[in-house]
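Notes for the one structure printed next.
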Amino acid sequence: MAVAHQGKIVLYSYWRSSCSWRVRIALNLKEIPYDIKPVSLIKAGGEHHSNEYREINPMEQLPALHIDGCTLVESLSIMQYLEETRLQRPLLPSDVVKRAKVREICEVIVSGIQPLQNLSVLIHVGEEKKDAWAKHWITRGFRAVEKLLGSSAGKYCAGDEITLADCCLVPQVFNARRFHVDLRPFPIILRIDRDLERHPAFVAAHPSNQPDCPPDTK
Ligand SMILES: O=C(O)/C=C\C(=O)CC(=O)CC(=O)O
């Protein structure tokens, strides 16, 4: 794992990490060029636990973004930084209530769903229980997301423009499918996910289009 070069934007990413995927979507939507530095969550017990990566992110999680001479961690704070420094293609609405609605949906996913079903938690829960555990927490969280979308959604999560909430939603839907969550009770989530499936920024960020995606998974 070589150290990132000064000046270049480098995303430490894993193809199937939903947190890396959120940031890839935001970078793509804003048309910010970046290099990917793959960090495997699987290889050798996880490269994110190496001494070298712990220096980059003391939480031993992905992603991390090297940008403007700093290294930033935590996907939502990275996306906020991009929003505050790269003003093209805003990912937060100008209306304050709509902005709060976007952040609400982001938080439900980023704090209320994904951390309960990430790899390290599932390892801790154990092989026997992990699938039912992940399914339970994603279903519970999606009930809340669907309800929130009932009042906030237009074409996308908050009105008719793509926002940070959409960057968080699409990777979480992928995880829901991975854990065989029944998505039929969530028609708004399904509609938004379907609408964004072919969007070029979302396609380019998809796990199957990542340099570290194993060839037999594509
Ligand atoms: O490829 C794998 O099997 C390992 C890791 C992941 O899925 C990533 C996660 O921990 C889930 C997530 O990012 O939401």
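With the structure loaded, tell me whether Ile189 is in contact with a helix residue (DSSP H, G or I) (Cβ under 9 Å, 6 or more places away or on another chain), part of a helix (DSSP H, G or I) and in the same structural domain as Asn118 (by TED's automatic domain parsing) or whether it fails that test.
So Ile189 passes the test.
Return a yes/no flag: does region 71-83 have any residue that is over 14 Å from the mean Cα position of the chain (by Cα) and modelled with pLDDT under 95.
No, region 71-83 contains no residue that is over 14 Å from the mean Cα position of the chain (by Cα) and modelled with pLDDT under 95.
Among residues belonging to region 188-213 that are touching a residue at least 40 places away in the same chain (Cβ under 8 Å) and more than 16 Å from Trp21 (Cβ to Cβ), point out the one that is farthest from the chain's Cα centre (by Cα).
Ile188
Would you mind finding the one in Ser111, Ser120 that is in the same structural domain as Asp182 (by TED's automatic domain parsing), within 15 Å of the ligand (Cβ to nearest atom), at pLDDT below 95 and of a type outside the set (A, V, I, L, M)?
The unique qualifying residue is Ser120.
Right, Glu52: acidic (Asp, Glu), within 16 Å of the ligand (Cβ to nearest atom) and in contact (Cβ under 8 Å) with a residue 24 or more places away in the chain or not?
Taking the combined requirement at face value, the residue does not satisfy it.
Could you look through region 95-120, keep only residues that are touching a Phe, Trp or Tyr at 6+ places or on another chain (Cβ under 8 Å) and not polar (S, T, N, Q), and pick out the one that is surrounded by the most Cβ atoms within 10 Å (Cβ to Cβ)? Let's see the steps before the verdict.
Step one: list which residues in region 95-120 are touching a Phe, Trp or Tyr at 6+ places or on another chain (Cβ under 8 Å), which gives 113, 116-117.
Filter again for not polar (S, T, N, Q), leaving 113, 116.
Values: Ile113: 25, Leu116: 17.
Per the stated criteria, the residue is Ile113.
Against the definition (farther than 24 Å from Ser17 by Cα and more than 16 Å from the ligand (Cβ to nearest atom)), how does Leu92 come out, yes or no?
no
Show the residue pairs meeting these rules: Cβ distance below 7 Å; 6+ apart or different chains; first residue within region 161-180 and in contact (Cβ under 8 Å) with a residue 40 or more places away in the chain; second residue surrounded by 24 or more Cβ atoms within 10 Å (Cβ to Cβ) and aromatic (Phe, Trp, Tyr).
Once the first residue is in contact (Cβ under 8 Å) with a residue 40 or more places away in the chain and sits in region 161-180, its partners that are surrounded by 24 or more Cβ atoms within 10 Å (Cβ to Cβ) and aromatic (Phe, Trp, Tyr) give Pro171/Trp21.
Might you check whether a residue that is within 13 Å of the ligand (Cβ to nearest atom), of a type outside the set (Gly, Ala, Ser), touching a residue at least 12 places away in the same chain (Cβ under 8 Å) and over 24 Å from Glu146 (Cβ atoms) occurs anywhere in region 69-87?
Here is the first cut: in region 69-87, the ones within 13 Å of the ligand (Cβ to nearest atom) are 75.
From what is left, the residues that are of a type outside the set (Gly, Ala, Ser) are none.
Among the residues of region 69-87, not one is within 13 Å of the ligand (Cβ to nearest atom), of a type outside the set (Gly, Ala, Ser), touching a residue at least 12 places away in the same chain (Cβ under 8 Å) and over 24 Å from Glu146 (Cβ atoms), which makes the answer no.
Out of (1) in contact with a Phe, Trp or Tyr (Cβ under 6 Å, 6 or more places away or on another chain); (2) under 21 Å from Val203 (Cβ atoms), what's the single condition that is false for Ile36?
(1)
The values are calculated or read from the model by the stated rules, or taken from the named source; none is laboratory data. On a predicted model such as this, the values are computed, not experimentally measured, just so you know. Cβ atoms come from the backbone with ideal geometry, glycine included; neighbour counts cover every protein chain shown.
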